[in-house]
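The values are calculated or read from the model by the stated rules, or taken from the named source; none is laboratory data. From a predicted model like this one, the values you see are computed outputs, not experimental measurements. In this analysis, Cβ positions are derived from the backbone assuming ideal geometry, glycine residues included, and neighbour counts consider all displayed protein chains. Side chains included, ligands, DNA and RNA excluded: accessible areas come from the protein's heavy atoms. Shrake-Rupley method; radii C 1.70, N 1.55, O 1.52, S 1.80 Å.
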Amino acid sequence: MATYLARIRVYAGKEAEFEAVARTMYAATQLEVRCRQYQYWRAAEERCYYTFAAFDDYDAFLDHQISEHHESADFGPLIEDFSLEWLDAVPGASEIATTQSFELSSDAPATKRRHQGMLPLVLQAWWPRP
């Protein structure tokens, strides 16, 4: 499993446009067979949103990143700031499985390698591992 929480701040006046793109992305991502959760939320802070997502593994996340619907989504001119934090489930307190490490195959496409470089999977040292 690979699970994250992303914090997104949009430019002033771009909220409605961002939410329209988010709805389109949400609908398309629901069709990805290796996506377990994918949701957008408005934050308490003005112009801030959160995305919570869980994929079967990091490879499924990278497939999402290079999907046609993700690559064609025009988020760039809408987002002022973005941060992504990988999460790890607390066993017995989450329906989502523990985030696992993942090695990208040597023959992975360049687009996957580019996204791996931009959003690497980070497992924290304090997270217990089986």
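Things worth noting here:
- Largest GNM mean-square fluctuation among D107, D56, D81, using the chain with Cα springs under 10 Å: D107.
- Going through (i) 109; (ii) 192; (iii) 124, the figure that equals volume of the Cα convex hull per residue in Å³ as computed for the structure here is (iii).
- With a 1.4 Å probe rolled over the protein heavy atoms of all chains, the accessible area of H64, H69 falls in the order H69, H64, largest first.
- For the chain, the solvent-accessible area of protein heavy atoms averages 59 Å² per residue (probe radius 1.4 Å; ligands and nucleic acids excluded).
- Taking all protein chains as they are arranged and a probe of 1.4 Å, the heavy atoms of R129 leave approximately 90 Å² accessible to solvent.
- Computed accessible area, E80, all protein chains, 1.4 angstrom probe, square angstrom: 90 Å²
- Exposure of Y50 as accessible area (Å², to 10), given a probe of 1.4 Å and all protein chains: 70 Å²
- Residue among L78, L104, L62 with the largest mean-square fluctuation in a Gaussian network model of the chain, springs linking Cα atoms under 10 Å: L104
- Compared with the direct C-alpha span, the chain from L123 to Q65 gains 18.9 nm at full extension, assuming 0.36 nm per residue.
- Relative contact order, percent, the chain [alpha-carbon distance under 8 Å, six or more residues apart]: 34 percent
- Shown are T98, T29, T111, whose ranking by accessible area with a 1.4 Å probe and every protein chain present, most to least, is T111, T98, T29.
- Taking Cα atoms only, the orientation of helix 15-29 departs from the longest principal axis of the chain by about 40 degrees.
- Magnitude of the charge dipole, segment 36-130, Cβ model with Lys/Arg +1 and Asp/Glu -1, debye to 20: 160 debye
- The largest accessible area among M1, M118, M25 belongs to the first residue in M118, M1, M25, and the rest follow in falling order (1.4 Å probe, all chains).
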